[in-house]
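Before any comments, here is the structure.
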Ligand code: ATP
């Protein structure tokens, strides 16, 4: 299997690139953000609880997200591989993902880290907020999300680079340029 983690700050383009990767390489796209937004839209109890964290720019607690991911993966048998978008977001989630994959005799193949400068991230998120209606795409929440990213999520870069799995992708070009860089890396891995 080809199991990709797409990694990057909020607004780095993880969702956009993941969709393109899943189409080209026939991988199962697991987006925790999309899953959470679907629950919010459906107004489930879980969705309401989740939105109280998301709208503040905080993370949903690890145990909750780890259980959810386990459920999502169990439902997908016989796939060629996964693209994990928005998970892991903490070291604890990273370790949990390794354990979950191990149950299937699998592991993370590669981690694609989308590198985008902070000013550009903020610009993109505020622009997206105008049309997306997302409860977290506004100036107050963006700052909290970037802090959470630096404090809780960015340490995963070390976790994966120590395992020689981290590949940095310049994330500031056009969607197609970024995808071109990603494809080059993935084609080399597939061989
Ligand atoms: P993009 O790079 O696609 O712009 P993003 O980081 O802006 O992504 P999502 O990945 O959709 O946005 O996440 C939105 C919010 O959902 C997070 O700020 C967080 O509150 C919550 N969330 C998503 N995934 C997780 C997770 N694995 N653990 C905890 N909270 C999560």
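Values quoted throughout were computed directly from the atomic coordinates according to the rules given, and no laboratory measurement underlies them. Since the structure is predicted, the reported quantities are computational estimates derived from the model, not experimental observations. Virtual Cβ from ideal backbone geometry, glycine too; neighbours counted across all protein chains shown.
Put simply, when 26-35, 9-18, 169-178 are sorted by average Cβ atoms within 10 angstrom per residue, most first, you get 9-18, 26-35, 169-178. Across the range 1-111, the relative contact order, built from alpha-carbon pairs under 8 Å that are at least six residues apart, equals 47 percent.
Taking 0.36 nm per residue of separation and subtracting the current Cα-Cα distance, fully stretching the chain between residue 150 and residue 77 would add 22.9 nm.
For the chain, the mean residue ellipticity at 222 nm estimated from helices alone is -17000 deg cm²/dmol, where every DSSP H run of n ≥ 4 contributes -39500 (n - 2.57) and the total is divided by all residues, rounded to the nearest 500. Once C-alpha pairs closer than 8 Å and six or more residues apart are averaged by separation and normalised to the residue number of the range 61-166, the relative contact order reads 33 percent. The distance linking the range 114-191 with the range 1-72 is 14 Å (Cα centroid to Cα centroid, whole angstrom).
Protection proxy ranking, highest mean first, for peptides 106-115, 79-88: 79-88, 106-115, where packing is the per-residue count of other beta-carbon atoms within 10 Å, averaged.
The gain in end-to-end length when the residue 67 to residue 185 segment is fully stretched comes to 39.4 nm, 0.36 nm per residue minus the alpha carbon separation.
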